[in-house]
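Notes follow once the structure below has been shown.
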Amino acid sequence: MTLAASVPDTWIGTLMAAVRRSPAIRAVDAAREEEAVAIACGASLAGGRGAVLIQNAGLFNCGGVLAGLVDLYRIPCFFIVSYRGDRRDPVYYHEPKGRVTEPTLAAWRLPFAIADRGAELEGQVVRGVEAAEKSRGPFVLLISGEDLA
Amino acid sequence: MTARKPLLEALVSMLAPGDVVVSCLGANSRYLPHLAVPVPVFALCDSMGAAIPLALGMALERPDRNVVALEGDGSLLMCPNVLATVAACRPANLTALLWVNGHYESSGGQSLPSAPVDWPGLARGLGIAHVERVGDVAGLRQAFPRARDAREPALLVVDVAFDPSEPIPPYSERPDEIRARFRIA
């Protein structure tokens, strides 16, 4: 990737701290998630490769831009999304978001994978990026805080 | 108040080989294919509010090109926060034009749900330092070169007439055609 646009949550913030240490990836702090998607798409359209790092609540904000930009114009867009409220999340108030995350991804026809903590994360990211490139569309890798430990 | 087309024609006449244009949905995207734009154009036909962040991503990726974003006031009112993001990134090669007519022209001409917005004040408040208000073609011809040459992101607030009877041409390019043709050398 050449650019990672992000709106943080606790887990994504940890990941973005690593991104900021990368000499190869430009970290962009967006004020809202739809912006982050468009910024990443702009980087890709300009010859780079943009990624989006956001929380699942932020992904829920992105239905319009996913349909009207990413899908409509067939732009590869790789997402890392923190899966707040899944069974591994210790914070109770995220639970409603966890309940609707996978159904929303399915309804929006967003290809996704849940990070497998038992396998190397780097390979899962590479496969997600390749899937987005191949389909010229979105791919979402859902992560838990445990995956970053 | 000046009509959109002469303002757009003036803008196109000032574009230089190093420029790239990102257009919001609606009249801008519908007029541009008819104006022989001499630089790459990425024209949106949906996704209100995406023009400026798209242009920001391009500007950050290609600091050797000047990216010109065309956005409407209805679209930016949905997500003025993007100006704060632009200000934080401080790209020296991003020039945004905000067309202000107070209406959702593409969706039937409904009024924006607010009293007149102080767009220059809002933009400055969100961190955009180079802001100018433009009311006619002569003003645009003076302000655009200043904005493009600024060593910081710039916003031109362009007051444009709203005319429900304006014969805006229909969309003439499909998204797959726009996407396939768009290349920044």
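I'd like the residue in the stretch A:67-80 that is not in a helix (DSSP H, G or I) and not aromatic (Phe, Trp, Tyr) and, out of all such residues, is nearest to the chain's Cα centre (by Cα).
So the first thing to find is which residues in the stretch A:67-80 are not in a helix (DSSP H, G or I), and the list is A:72-80.
Remaining after also requiring not aromatic (Phe, Trp, Tyr): A:72, A:74-77, A:80.
On the way: A:LEU72: 19, A:ARG74: 17, A:ILE75: 14, A:PRO76: 12, A:CYS77: 9, A:ILE80: 3 Å.
Checked the stretch A:67-80; the qualifying residue nearest to the chain's Cα centre (by Cα) is A:ILE80.
If you check A:SER6 against the conditions, is it more than 9 Å from chain B (Cβ to nearest Cβ), in contact with a helix residue (DSSP H, G or I) (Cβ under 9 Å, 6 or more places away or on another chain), small (Gly, Ala, Ser) and within 23 Å of B:LEU76 (Cα to Cα)? Walk me through how you get there before you give the answer.
Values: more than 9 Å from chain B (Cβ to nearest Cβ): yes; in contact with a helix residue (DSSP H, G or I) (Cβ under 9 Å, 6 or more places away or on another chain): yes; small (Gly, Ala, Ser): yes; within 23 Å of B:LEU76 (Cα to Cα): yes.
Yes; evaluated as a whole, the condition is true for this residue.
Would you please name the residue that is nearest to the chain's Cα centre (by Cα), looking only at residues in the stretch B:79-130 that are among the β-branched types (Val, Ile, Thr) and closer than 19 Å to B:PRO145 by Cβ? Working first, answer last.
Start the filter on the stretch B:79-130 by keeping residues that are among the β-branched types (Val, Ile, Thr), which leaves B:82, B:85-86, B:95, B:100, B:117, B:128.
With the extra rule that they be closer than 19 Å to B:PRO145 by Cβ, the set shrinks to B:95, B:128.
Numbers: B:THR95: 8, B:ILE128: 15 Å.
Checking each candidate, the answer is B:THR95.
Quick one: how many residues across the stretch B:162-179 are in contact (Cβ under 8 Å) with a residue 40 or more places away in the chain and among the small types (Gly, Ala, Ser)?
Qualifying residue count for the region: 1.
Tally up the residues in the stretch B:131-153 that are crowded, with 18+ Cβ neighbours inside 10 Å and within 14 Å of B:VAL86 (Cβ to Cβ), please.
3
Could you figure out which of (1) more than 29 Å from B:GLY121 (Cβ to Cβ); (2) at pLDDT below 95; (3) of a type in the set (A, V, I, L, M, F, W, C) isn't true of B:MET1?
(1)
Out of the residues in the stretch B:114-129 that are more than 30 Å from B:GLU61 (Cβ to Cβ) and modelled with pLDDT of 90 or more, state the one that is surrounded by the most Cβ atoms within 10 Å (Cβ to Cβ). Give the steps one after another, and end with the answer.
Taking the stretch B:114-129 as the starting set, the residues that turn out to be more than 30 Å from B:GLU61 (Cβ to Cβ) are B:114-118, B:121.
Those left that are additionally modelled with pLDDT of 90 or more: B:117-118, B:121.
Values: B:VAL117: 16, B:ASP118: 11, B:GLY121: 11.
Filtering first and then ranking leaves B:VAL117.
Yes/no per residue for (1) crowded, with 18+ Cβ neighbours inside 10 Å; (2) in contact with an Asp or Glu (Cβ under 7 Å, 6 or more places away or on another chain); (3) of a type in the set (Val, Ile, Thr):
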site	(1), (2), (3)
B:MET1	no, yes, no
B:VAL20	yes, no, yes
B:SER47	yes, no, no
B:GLY57	yes, no, no
B:GLU71	yes, no, no
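Would you confirm whether or not the stretch A:81-92 contains a residue that is within 14 Å of chain B (Cβ to nearest Cβ), at pLDDT 95 or above, buried (at least 24 other Cβ atoms within 10 Å of the Cβ) and outside any helix (DSSP H, G or I)? Before the answer, list the steps.
Residues of the stretch A:81-92 that are within 14 Å of chain B (Cβ to nearest Cβ), as a first pass: none.
The answer is no, given that none of the residues of the stretch A:81-92 is within 14 Å of chain B (Cβ to nearest Cβ), at pLDDT 95 or above, buried (at least 24 other Cβ atoms within 10 Å of the Cβ) and outside any helix (DSSP H, G or I).
Tell me, which residue of the stretch B:3-17 that is in a helix (DSSP H, G or I) and of a type in the set (A, V, I, L, M) is surrounded by the fewest Cβ atoms within 10 Å (Cβ to Cβ)?
Of the stretch B:3-17, the ones in a helix (DSSP H, G or I) are B:4-14.
Narrowing further to those that are of a type in the set (A, V, I, L, M): B:7-8, B:10-12, B:14.
Numbers: B:LEU7: 23, B:LEU8: 24, B:ALA10: 17, B:LEU11: 23, B:VAL12: 17, B:MET14: 14.
Among those residues, the one meeting the criterion is B:MET14.
Any idea which of A:GLU133, A:GLU95 is more than 17 Å from A:ALA40 (Cβ to Cβ) and among the acidic types (Asp, Glu)? First the steps, then the outcome.
Details: A:GLU133 fails: more than 17 Å from A:ALA40 (Cβ to Cβ).
Of the residues listed, the single one that is more than 17 Å from A:ALA40 (Cβ to Cβ) and among the acidic types (Asp, Glu) is A:GLU95.
When the residues of the stretch A:34-54 are filtered to those that are buried (at least 23 other Cβ atoms within 10 Å of the Cβ) and of a type outside the set (A, V, I, L, M, F, W, C), which remaining residue is farthest from B:ARG62 (Cα to Cα)?
We begin by selecting, within the stretch A:34-54, every residue buried (at least 23 other Cβ atoms within 10 Å of the Cβ); these are A:34-46, A:50-54.
Subset that is of a type outside the set (A, V, I, L, M, F, W, C): A:34-35, A:42, A:44, A:50.
Details: A:GLU34: 21, A:GLU35: 18, A:GLY42: 10, A:SER44: 11, A:GLY50: 13 Å.
Residue satisfying both the conditions and the ranking: A:GLU34.
Out of the stretch A:23-66, which residues are more than 8 Å from every other protein chain (Cβ to nearest Cβ), among the aliphatic types (A, V, I, L, M) and either under 20 Å from B:ALA180 (Cβ atoms) or outside any helix (DSSP H, G or I) (or both)?
Correct list: A:ALA24, A:ILE25, A:ALA27, A:ALA51, A:VAL52, A:LEU53, A:ILE54.
Quick one: which helices (runs of 4 or more DSSP H) sit completely within the stretch B:18-119 and have at least 3 residues that are more than 12 Å from chain A (Cβ to nearest Cβ)? So that I can check it myself, show each step before the final result.
Details: elements: B:27-31, B:51-61, B:73-78, B:82-89.
Hits in the stretch B:18-119: B:27-31, B:73-78.
The values are calculated or read from the model by the stated rules, or taken from the named source; none is laboratory data. These figures come from a predicted structure and were not determined experimentally. A quick note on method: Cβ atoms are made from the backbone with ideal geometry, for glycine too, and the neighbour counts reach across all protein chains shown.
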